[in-house]
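Novice: I'd like to ask you about the structure that follows.
Each reported figure results from applying straightforward, stated rules to the coordinates on display, with no laboratory input. In this text the structure is predicted, and so the values were computed from the model without any measurement. With ideal geometry, Cβ positions are generated from the backbone for all residues, glycine too; neighbour counts draw on all protein chains shown.
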Protein chains: 2
Amino acid sequence: MRMHNPPHPGEIIKRLCLDPLGVSVTEAAQALDISRKTLSAILNGRAGISPEMAVRLSMAFGTSAESWLNQQTQYDLWHAEQRRKQLRVAKLAV
Amino acid sequence: MRMHNPPHPGEIIKRLCLDPLGVSVTEAAQALDISRKTLSAILNGRAGISPEMAVRLSMAFGTSAESWLNQQTQYDLWHAEQRRKQLRVAKLAV
DNA sequence: TAATTCGTAACGTAGTAGGTTACAGTTGAT
DNA sequence: ATCAACTGTAACCTACTACGTTACGAATTA
């Protein structure tokens, strides 16, 4: 189990993709063929990366869709793990 | 990009967890502290594995939540990739 | 000053996770 | 043959999320 709160994937998109290329949010949203609002929500952690969005990101930035989706998965999982102790689940196997 | 349609994670749950232990859907749902309907939907591919559900599965079956969530991610991604050609995304980087 | 960029509020649509209740079909034991 | 248990699923509900358009104020830049 991961120890530290992982950054949301939007932060990574901004730091590793937009900033280095000097691309504005508006321009990136146009390239991705999504609304500026949607991209803004992702960049600011108010929305996650959907499977389709992961494919869009891979097309625009030449990365793998899997890596984007995995980042989202790890982020979601960390938050779910924080609530593990509140779940009353019975063990069925060792 | 994966070539063949991956099975939905519910199939894996049934084959690798329920069947070997001889646990019924009803019993497993009770152990997981979810409704029988919800588990049935997962087992039959009509619902995905949420982050919280991945944690529940890990508690009941002694597996890692990450592995369950990754399976769902791979499954979702495969279907999103099938529609890649329909997305009109402009390349921003090589 | 004028134009651009950005975050975000307000509103709507669509889809999904999850619950309860109820029904019909199957199977196994008596 | 009957009864109980198991199963899938339909119907109905709530809550949340992804995504869109429009519009606004604040900040930045030409």
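Novice: Just to be sure I understand the filter: pairs with C-beta atoms under 8 Å, separated by 6 or more residues or on different chains, first member in region B:37-48 and within 13 Å of residue B:12 (Cβ to Cβ), second member of a type in the set (A, V, I, L, M, F, W, C) and more than 6 Å from DNA strand C (Cβ to nearest atom). Which pairs pass?
Specialist: B:42/B:13; B:42/B:49; B:43/B:13; B:43/B:18; B:43/B:25; B:48/B:42
Novice: Also: Could you name every one of the helices (runs of 4 or more DSSP H) located completely within chain B that has at least 1 residues being under 13 Å from residue A:92 (Cα atoms), more than 7 Å from every other protein chain (Cβ to nearest Cβ) and small (Gly, Ala, Ser)?
Specialist: Numbers: elements: B:9-13, B:25-32, B:36-43, B:51-61, B:65-81.
Helices (runs of 4 or more DSSP H) meeting the threshold: B:25-32, B:51-61.
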